[in-house]
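Everything on this sheet refers to the single structure shown next.
Derivation of every value follows stated rules applied to the coordinates shown; laboratory data play no part. Given the structure is predicted, the values throughout are model-derived calculations rather than measurements. Cβ placement follows ideal geometry from the backbone for every residue including glycine, while neighbour counts extend to all protein chains displayed.
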Amino acid sequence: MSKELDRQVAVVTGGAQGIGLAIRTALEEAGARVAVFDVDTGPAPDDALLKVDVTDEAQVRSGVAEVIDRYGRLDVLVNNAAITARLAHLFGQPALDVSVEDWRQVLDVNLTGAFVCAQAAARRMESGGRIVNVASVQGLVATGGAIHYSVSKAGLIMLTRSLAGELAQRGIRVNAVAPGPIALARTAPNTAPVDTLSGEWGQPEDVAAAVTFLVSRAAVFVNGHVLSVDGGVSVRYRNQVGRES
Ligand SMILES: NC(=O)c1ccc[n+]([C@@H]2O[C@H](COP(=O)([O-])OP(=O)(O)OC[C@H]3O[C@@H](n4cnc5c(N)ncnc54)[C@H](O)[C@@H]3O)[C@@H](O)[C@H]2O)c1
């Protein structure tokens, strides 16, 4: 039986673990051949995992070239890589205490890295290509998270809209997902209190399902869109700035 993404080739950045791994799995289940760009290639050998730092233009270009050499084409790019775990201790840090060094690092990976990958991939995509950026609810509303992370994700949302406008003439669609709190083994137990409308955490598979929809034929008329996958957190915070007192 044929599958939605049969004969298609995808790159998922930051796909070695967490949400990126769930996206990789979902795209593979939909029939795609998937290559992962990550700085962390893990302990077990994995042919699909290429050691690529998304902030390094030369590495990204040669990673894209290797994917095309190997599989003959590139149809989908998912920009998922971000600095999360390494700076987790800084979440909630007051803006006035954020170091410029951390600010530059977060912007470099989360925003510039996505731009570098989108540029390199779109140059090699045929008409019909798709790019999905993994943003965050924190790029849409001020939840009182880390300012560098929030600003990087807000930038990613405008990168999505701007690229959608420009790449439409090449037949490439560009969309984003904006996840809310997603339970990962390392971040949170499913039982910790969370500010979604249902009081429940999202799962990596919930984000992967939204990405799979955006790259599917069903979404052929969806372009420049930011799809919230946040259990309603953005509704709760839409008119607020900072934390509730
Ligand atoms: N976990 C959440 O609750 C949540 C919520 C909203 C948005 N997001 C977004 O979802 C995406 C995935 O988040 P996650 O929680 O699975 O993170 P994670 O830390 O588990 O995975 C991120 C991956 O990116 C890789 N990476 C980091 N820097 C890189 C670089 N320079 N080049 C290549 N790869 C690099 C890491 O090695 C890691 O494998 C991120 O964009 C994150 O901002 C996560």
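A few comments on the model shown:
- Counted residue by residue at 0.36 nm each, then reduced by the alpha carbon distance between them, the extension gain from V220 to T191 reaches 6.7 nm.
- C-alpha long axis of helix 147-167 to longest principal axis of the chain, angle in °: 40
- Helix 204-214 vs. the chain, principal-axis angle (Cα, 0 to 90°, nearest 10): 50
- Inter-centroid distance (Cα atoms) of the stretch 4-63 relative to the stretch 87-151, Å: 18
- Full extension of the chain between L96 and E200 gives 34.3 nm of extra length, using 0.36 nm per residue less the Cα-Cα distance.
- In terms of its C-alpha gyration tensor, the stretch 78-156 has a prolate overall shape, because the principal axis ratio a/c (a ≥ b ≥ c, square roots of the eigenvalues) is not below 1.5 and a/b outweighs b/c.
- One chain, two ends: R170 and V235. Fully extended at 0.36 nm per residue, the span grows by 19.9 nm beyond their Cα-Cα distance.
- Whole-number D in µm²/s for the chain (Stokes-Einstein; Kirkwood sum over Cα pairs; 4 °C, 1.567 mPa s): 72
- Within the stretch 1-21: backbone nitrogen closer than 16 Å to the R73 label point (7 Å, Cα to C-beta): 2-11
- Helix 113-124 and the longest principal axis of the C-alpha atoms of the chain enclose an angle of approximately 20°.
- Ordering of 97-110, 5-18 by packing is 5-18, 97-110, highest average first (other Cβ atoms within 10 Å, averaged per residue).
- Amide H to amide H distances under 5 Å link L49 with V36, where only residues 5 or more positions off or on other chains count and H is placed in the peptide plane.
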